[in-house]
Amino acid sequence: MPIVNRVADILPEVIAWRRDLHAHPELGFDVHRTSTFVVERLREFGCDQVVSGVGKTGVVGVITGRPGNGKSRTVGLRADMDALPIEEMTGRPYSSKHEGLMHACGHDGHTAMLLAAARYLAETRNFAGNAVLIFQPAEEIGAGAAAMLEDGLMDRFEIDQVYGMHTLPGLPVGAFGIRRGPVMAATDTIDVRIEGRGGHPGLPHQCIDSILVGAQLILALQQILAQNINPFDSAAISFNEFQAGSTHRVIAQTAEMHGSIRTLTPEVREFVIKRIREVAEGVSRVTDAKIDLDIQAADAVVFNQDVQTEFAIKAATDVAGEANVIETPPMLGGEDFSFMARARPGAFVWCGNGDSAGLHHATYDFSDEAIQFGTSYWIKLVENTLAA
């Protein structure tokens, strides 16, 4: 029986898992209920190893296939488990039971699909080598992958190559998106503190308005993108938080701004950060305000290696057909799977979520119709890559 049909047989149960996870979202590393849920399922399925506490609250399951010729090979499959600090507005019967938290990025679906694949692989073992199932915490804060790697993920489980998958609104259910090379952006956080001179709004000439300085800085930094970056390259600078002042009648002494920088190549990243520092220094000189910058690396570029991309394309094609495997452009979202794909050769694919709300939106919901396709992709990837 084709894999998609066999997965369809267990689909009601997998949907129930997904909706249970959706109703109980957890943040960052505090995914204790979710981790326990994963551990219990993996043990039920008969995985050869189930290890919890990898990277604080990460879980790893190992399934050993049939004996093969030569050196044993090991493939890592990664799903993320954490949710977001967003108040859910879907109105679903299985909506979040925790105020201010929701699965707005599909991690409930990612976890359920990898669990379903684990169940199938543990039952059939139609491969030679080891399938390592990686359930990662703290993707949304860009810390979980690094924590699992620091705990020896790759060496401990002898992983040779690693793969990731993410839901994508706007891509039809049953379709997959993939490309060679850069897939998602390197992200850096930028924190700015401006020290001006507060005072009376009727005496602006005696003050240095930190709000005005911040506004000037934001506009000036956008000129880097408009005038300094090759239009065929990609970069983004955004400030998503601006805090200053406390009343109508006082010019603010200080302002703080927080945002992100996103780039697709090391060269562009280095140039953009250099120009940000130069522009901030210029605005400081012009306004007489003190401007302090703190730029910290978050995620690296997610880069698909050629060999692993071919394996991913083959698996997606086997499941969905050639017409439904689409080359997608790179995106400026960040993904800490990038650190795993730097530690071992890897590839990252998009799984269609259909005409849904966008990621990180209060009305987003993972499409249960996508489960059989994503699960089948994982299975075919293992069976093809570790062909007996």
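The values are calculated or read from the model by the stated rules, or taken from the named source; none is laboratory data. Small disclaimer: the values here were computed from a predicted structure and weren't measured. Quick reminder, even Gly has a Cβ in these numbers, built from the backbone with ideal geometry, and neighbours come from all protein chains shown.
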Next item on the list: Would you please list the contacts, defined by Cβ atoms under 6 Å and residues six or more apart or on different chains, that run from a residue in the stretch 303-322 that is within 15 Å of ALA117 (Cβ to Cβ) to a residue that is of a type in the set (Gly, Ala, Ser) and part of a helix (DSSP H, G or I)?
Entry: VAL319/SER376
Next item on the list: Would you point out the residue of the stretch 16-29, among those that are over 17 Å from the mean Cα position of the chain (by Cα) and surrounded by fewer than 18 Cβ atoms within 10 Å (Cβ to Cβ), that is farthest from ASP108 (Cα to Cα)?
Entry: ALA16
Check: So which residues in the stretch 16-43 are part of a loop (DSSP other than H, G, I, E, B), in contact with a Lys or Arg (Cβ under 7 Å, 6 or more places away or on another chain) and not aromatic (Phe, Trp, Tyr)?
Finding: HIS24, GLU26
Checklist line | Condition met for ALA83 (closer than 20 Å to GLY152 by Cβ and crowded, with 19+ Cβ neighbours inside 10 Å) | finding: no
Check: For ALA138, are the conditions met, namely being assigned to a loop (DSSP other than H, G, I, E, B), touching a Phe, Trp or Tyr at 6+ places or on another chain (Cβ under 9 Å) and under 21 Å from THR167 (Cβ atoms)?
Finding: yes
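Quick grid of which residues meet (1) farther than 24 Å from THR187 by Cβ; (2) in contact with a helix residue (DSSP H, G or I) (Cβ under 7 Å, 6 or more places away or on another chain):
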residue	(1), (2)
PRO85	no, no
MET102	no, no
ASP108	no, yes
GLY144	no, no
PHE157	yes, no
MET165	no, yes
PRO169	no, no
GLY174	yes, yes
Next item on the list: Among what's in the stretch 363-386 and is in contact with a strand residue (DSSP E or B) (Cβ under 7 Å, 6 or more places away or on another chain) and of a type outside the set (Ser, Thr, Tyr), pick the residue that is surrounded by the most Cβ atoms within 10 Å (Cβ to Cβ).
Entry: GLY374
Next item on the list: Sort out which residues of the stretch 49-71 are touching a residue at least 60 places away in the same chain (Cβ under 8 Å) and in a loop (DSSP other than H, G, I, E, B), and write them in order of number.
Entry: GLY55, LYS56, THR57, GLY65, PRO67, GLY68
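Per-residue answers, yes or no, for (1) among the hydrophobic types (A, V, I, L, M, F, W, C); (2) in a helix (DSSP H, G or I); (3) not assigned by TED's automatic domain parsing to the domain that holds LEU114:
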position: VAL272; (1), (2), (3): yes, yes, yes
position: ARG275; (1), (2), (3): no, yes, yes
position: VAL279; (1), (2), (3): yes, yes, yes
position: ARG285; (1), (2), (3): no, yes, yes
position: GLU335; (1), (2), (3): no, no, no
position: PHE339; (1), (2), (3): yes, yes, no
position: THR363; (1), (2), (3): no, no, no
position: TRP378; (1), (2), (3): yes, yes, no
Item checked: One residue from ILE326, ILE313, ILE291, ILE295 being part of a strand (DSSP E or B) and under 29 Å from GLN372 (Cα atoms) -> ILE326
Note to self: Checking THR34 against (1) surrounded by fewer than 18 Cβ atoms within 10 Å (Cβ to Cβ); (2) of a type in the set (Ser, Thr, Tyr); (3) under 30 Å from PRO345 (Cα atoms), only one condition comes out false. Which one?
What the structure shows: (1)
Next item on the list: Kindly establish whether ALA226 is in the same structural domain as ARG33 (by TED's automatic domain parsing) and not in a strand (DSSP E or B).
Entry: no
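Residues are listed down the side, and each one gets a yes or a no for (1) touching a strand residue (DSSP E or B) at 6+ places or on another chain (Cβ under 9 Å); (2) in contact (Cβ under 8 Å) with a residue 60 or more places away in the chain:
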residue: PHE242; (1), (2): yes, no
residue: GLY245; (1), (2): yes, no
residue: ALA252; (1), (2): yes, no
residue: MET257; (1), (2): yes, yes
residue: THR265; (1), (2): yes, yes
residue: ARG269; (1), (2): yes, yes
residue: ARG275; (1), (2): no, no
Next item on the list: Could you grab me the full set of residues in the stretch 269-302 that are aliphatic (A, V, I, L, M), surrounded by fewer than 21 Cβ atoms within 10 Å (Cβ to Cβ) and under 30 Å from ARG180 (Cα atoms)?
Entry: ILE273, ILE295, ALA297, ALA298
Note to self: Filter the stretch 28-48 down to the residues that are in contact with a His (Cβ under 8 Å, 6 or more places away or on another chain) and in contact (Cβ under 8 Å) with a residue 60 or more places away in the chain and list them by number.
What the structure shows: THR34
Notebook entry, point to check: Identify, please: which residue in the stretch 347-361 is assigned to a loop (DSSP other than H, G, I, E, B) and either closer than 14 Å to GLY374 by Cβ or without any contact (Cβ under 8 Å) to a residue 24 or more places away in the chain (or both) and is, among those, nearest to the chain's Cα centre (by Cα)?
Noted result: ASN353
